[in-house]
Amino acid sequence: MSNVLTTAGLTKRYGGLMANDGVAIALTAGEIRGLIGPNGAGKTTFVNLVTGIERPDGGQVLLNGSAITGLGPHRIAAHGLVRSFQVARVFGNLTVRENLMVPYFASARTSGTAEAVARIGELLRLSTLEPLADDLAKSLSGGQRMLLQACAGFMIPGVKVHVLDEPFAGINPVVKDTLIELILKENRAGATFLIVSHEMAVIRRICPRVTVMIAGKVAAEGPLEEIARREDVVTAYLGRSLQ
Amino acid sequence: MYSTELLIQTLISGVMIGVLYALMALGITFIYSIVRMINWAMGEFYMLGSYIQYVAVAYVLGRNYWWLAILISTAGTFLIGYLLEPLLIKPMHVRPMERRDDYATVVTIALLLMLRSLAVAIGGPYQYRPETNLPIMWVGPLPMEGARVMASVFALFALALFYVVISKTWIGLALRAMAQNRVAAQTSGVDVFRFDAIAFAIGVALAGLAGALLAPLFLVYPTNGAVTTVKGFEIIVIGGLGSIPGALIGGVLLGVVESLGAAFISSPYQNAYGFALVLLILLVRPYGLFGERGREA
């Protein structure tokens, strides 16, 4: 099996609302998968369930064939899966450089300092954050925080899957391009991505396949051009009143 | 009766007791920053430290090795804290992770009562005094009890060590990250539950150290931590909750104000000058000298 991340029957209920209703998805190693769907479709819930922020009511998450269902986020990170948040969570009172050190040393714990320094230097350069390396992260713009958050994920040694929740929302086109370049570069180095986004232009550009979620379920899967022609998807996005 | 010499002496003794108060305040603020709860049992860990000091000096090591007993007391309270946190505090923190539950704080009140009762049950309601071999020492022109001088020296050393651990080691980096964003720390791979225990242990060890250091001066008995805990919380109000510089500067400030009041106004009211300072701070800066106005959660 070349599937690196698989979910089966993933279910989460909030009172009477089925936020996730038996979600099954399978990511092939090395792919960049888009996850799209109208607001309230359960995309962020799905990400939370996969990455251990919330515990599913039912179903399974497999990473490289081993079950990570219901583990805490730090355990899941140790298994090789990290996420980013829609509102970038950076450590405001740490410097940009320190922000990149936290995930490295939390996982490596060893004195692989030379390796860490080299990696930090590389990511700072690629992310164009180098001039800000010794500034506190709270002085960064929203887009720069997104970049920093993504780089922090790339710092964890041995991570195979990156789940990014709305990484392109509300950031300027230049930063967006930088972030896309970073993602493509990590992907070429072997990382698998699941990207939740509303930005169809970006999804079209970097995701060969997309998964569509509607009302807590997987509604369709395939290349975006194909999906965009399907009537149920179009209806869910645009609403029936337009017909 | 004003004299420059008296003023200098008062300032010195104020700073000396202030750094010991600062240990308590630092412990409270540090545990609050990481574990997100107020530990009301801080005074009981102070008490534990003082009892360990007494037992170690009186029954095992002898008065010449008081300094070794200090290290043992500190390590002992650290260990007790490290074992108690996963047992009593962690189960009180339920998902979702960013909501730190108030039950944890209530549990520390139960812990306070339990430890005090335990001290009465084991040691009785008596006062003990661990000996030291320290002579009277001269601090500038001022003769002082050796135990008091060494208490301040040890406290300063502990504060310096704390600073190095927090700012220079990766453990410190992980703790600072956790204090700022717990969930992000966790998704970065930081084992937050282990660090909760470490932070709790470091915090109570600071109290245990203060207890061991002050035991020859303020004695050992079941409720001896109460006064120092009150001082600790006064400092938190002065310096601002969650602020490490606030705890240090607030501690020294409180020590100096109390000493000045006792020397130049009237000594029986020593504790009242601290409270006056607290009231003043509450009027002018309710969030403390270094506190931030809007705290998260």
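Bear in mind these aren't lab numbers, they're just calculated from the coordinates by the rules spelled out. Just so it is clear, the model here is predicted, and its values are computed rather than measured. Here Cβ is always computed from backbone atoms with ideal geometry, including for glycine, and neighbour counts include all displayed protein chains.
Values computed for the structure shown
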| read-out | value |
| --- | --- |
| Net dipole in debye of region B:224-297 [+1 Lys, Arg Cβ; -1 Asp, Glu Cβ; about Cα centre; nearest 20] | 80 |
| Rg(Cα)/(2.2 N^0.38 Å) for region B:27-224, N = residue count | 1.10 |
| Virtual spin-label span in nm between A:Glu130 and A:Ala215, 7 Å along Cα→Cβ | 5.2 |
| Residue-averaged 222 nm ellipticity for the protein assembly as shown, from DSSP H runs of 4+ at -39500 (n - 2.57), nearest 500 | -18000 deg cm²/dmol |
| Packing-based ranking, highest mean first, of B:5-15, B:185-195 given that Cβ atoms within 10 Å are counted | B:185-195, B:5-15 |
| Positive-end residue, region B:1-98 charge dipole about Cα centroid, Cβ charges, pick of B:Tyr65, B:Ile89, B:Val19 | B:Ile89 |
| Which of A:Leu136, A:Leu123, A:Thr7, positive extreme of dipole for chain A (C-beta unit charges) | A:Thr7 |
| Order of A:Tyr14, B:Tyr46 - criterion: other Cβ atoms within 10 Å of each residue's Cβ, fewest first | A:Tyr14, B:Tyr46 |
| Shielding score for A:79-89, defined as the mean number of other chain Cβ atoms within 10 Å | 2 |
| Chain B: angle of helix B:170-180 to the longest principal axis, Cα-based, in degrees nearest 10 | 70 |
| Point-charge dipole on Cβ atoms (K/R +1, D/E -1) for chain B, about Cα centre, debye to 20 | 400 |
| For the protein assembly as shown, the spread of Cα positions along each principal axis, largest first, Å | 92, 49, 48 |
| Length released on extending from B:Val165 to B:Arg63, taking residue separation times 0.36 nm less the Cα-Cα span | 33.7 nm |
| Set of lysines with alpha-carbon distance to B:Lys231 below 30 Å, sequence-local pairs under 8 removed | B:Lys90, B:Lys168 |
| Viscosity 1.002 mPa s, 20 °C: Kirkwood-radius Stokes-Einstein D of region B:154-234 over Cα pairs, µm²/s | 148 |
| For chain A, convex hull volume per residue from C-alpha positions, Å³ | 132 |
| Karplus (6.51, -1.76, 1.60) ³J(HN,Hα), θ = phi - 60°, over region B:9-24, in Hz, Gly and Pro reported as x | 4, 5, 4, 4, 5, x, 5, 5, 6, x, 5, 6, 4, 4, 4, 4 |
| Rg/Rh for region B:157-297, where both radii come from Cα atoms and Rh is the Kirkwood radius | 1.02 |
| Residues with amide H under 5 Å from that of A:Val210, placed H, sequence gap 5 or more | A:Gly34, A:Gly222, A:Leu224 |
| Value of relative contact order over region B:181-297, rounded to a whole percent, pairs C-alpha under 8 Å and six or more apart | 23 |
| For A:143-154, mean number of other protein chain Cβ atoms within 10 Å | 1 |
| Footprinting exposure proxy for A:Met101, B:Met92, B:Met150 (fewest neighbouring C-beta atoms within 10 Å first) | B:Met92, B:Met150, A:Met101 |
| Stokes-Einstein translational diffusion, region A:144-204 - Kirkwood Rh over all Cα pairs, 0.890 mPa s, 25 °C, in µm²/s | 207 |
| Sorted by Cβ neighbour density within 10 Å, fewest at the top, the residues A:Asp165, A:Asp134 | A:Asp134, A:Asp165 |
| Lysine pairs meeting the criterion (Cα under 19 Å, 8 or more apart or interchain), as found in chain A | 5 |
